[in-house]
1. Could you check which residue among 228, 177, 94 shows the biggest mean-square fluctuation in a GNM of the chain with a 10 Å Cα cutoff?
2. Enter the mean projected area of the convex hull around the alpha-carbon atoms of region 124-246, in nm², rounded to one decimal.
3. Please give the calculated 222 nm ellipticity per residue for the chain, where each DSSP H segment of at least 4 residues contributes -39500 (n - 2.57) and the sum is spread over every residue; nearest 500 deg cm²/dmol?
4. Given points 7 Å out from each Cα along the Cα-Cβ axis, report the residue 87 to residue 219 separation in nanometres with one decimal.
5. What angle do you read, to the nearest 10 degrees and between 0 and 90, between the alpha-carbon axis of helix 198-210 and the longest principal axis of the chain?
6. Within a 10 angstrom radius of the beta carbon, how do 27, 79 rank from fewest other beta carbons to most?
7. For an R0 of 45 angstrom, estimate the FRET efficiency from the Cβ-Cβ distance between residue 166 and residue 54 and round to the nearest 0.05.
8. What ranking of 98, 178, 139 emerges when the number of other C-beta atoms within 10 Å of each C-beta is taken as an exposure proxy, fewest first?
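None of the figures in this text is laboratory data; all of them are computed from the coordinates on show. A quick note: this is a predicted structure, and the numbers were derived from the prediction, not measured. Cβ coordinates were reconstructed from backbone atoms using ideal geometry, including for glycine residues, and neighbour counts include every protein chain displayed.
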């Protein structure tokens with residue numbers, strides 16, 4: 001079967017996106033997803049996204065990590081599929097879609113897309129790290145000299161420790177640099193560092209707010225290896241967060257066809 005696809009990237013986090021409204025793609029074929037995401041023998045990507053129909057929504061987002069397994073929410077991927085849906089004519093400047101963690105909204109603005117993330121009701125905050133779920137589970141640690149930090153080795157240690165090994169966790173190393181947070185992320189399912197992680201920078205921004213080192217009271221500018229993002233939020237007295245928005249680019253790379 002010949003399948004059409006498009007390739008998008010959001011601050012270097014890249015995705016294969018397929019219009020699957022006719023449900024032709026075999027969602028259970030994890031080996032196929034891994035093959036398509038393979039950078040040597042396939043198209044190459046950090047993940048694969050299916051756009052499907054969903055009653056009551058503009059569309060549904062089904063997300064897979066590059067290891068082939070269906071996974072939790074992806075913030076950069078959410079912006080990319082919103083832009084993909086716009087190019088298909090499914091939506092205009094606004095969209096409401098469903099993902100594995102529930103409802104999301106997106107708003108297209110000049111040069112970037114604003115994506116509403118899930119509310120965060122609780123954060124485990126300790127001296128060395130924080131743990132929270134922003135649609136995906138995240139470990140956040142502030143370090144010195146993050147640009148030279150061994151993210152692959154140290155991230156793998158945390159991801160595979162006794163607590164996190166079974167479920168997995170995304171591991172974020174963060175440093176305040178000038179007025180930005182510099183965030184680097186080891187992603188489960190990719191099992192390597194990616195150039196950017198949307199749910200990861202969201203987690204980092206919220207933890208920075210709790211540690212009183214955000215850019216401002218209600219938003220945070222983020223620098224990743226792949227580019228810049230912004231996270232906006234409302235923090236409450238019980239350390240919960242609502243109205244969480246991830247803002248950044250969603251860029252078309254190329255399109256093609258592949259036999260699967």
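1. Residue with maximal mean-square fluctuation among 228, 177, 94: 177.
2. Averaging across all directions leaves 7.0 nm² for the Cα convex hull.
3. Numbers: 4 runs with 44 residues, N = 260.
Taking each H run of at least 4 residues, the total per residue is -5000 deg cm²/dmol.
4. Result for the modelled spin labels: 2.7 nm.
5. 20 degrees
6. Working: 27 14, 79 29.
Placing the least packed residue first, the sequence is 27, 79.
7. Numbers: r = 30 Å, r/R0 = 0.66.
Using R0 = 45 Å, I get an efficiency of 0.90.
8. Values: 98 18, 178 9, 139 25.
Listed from fewest to most nearby Cβ atoms, that is 178, 98, 139.
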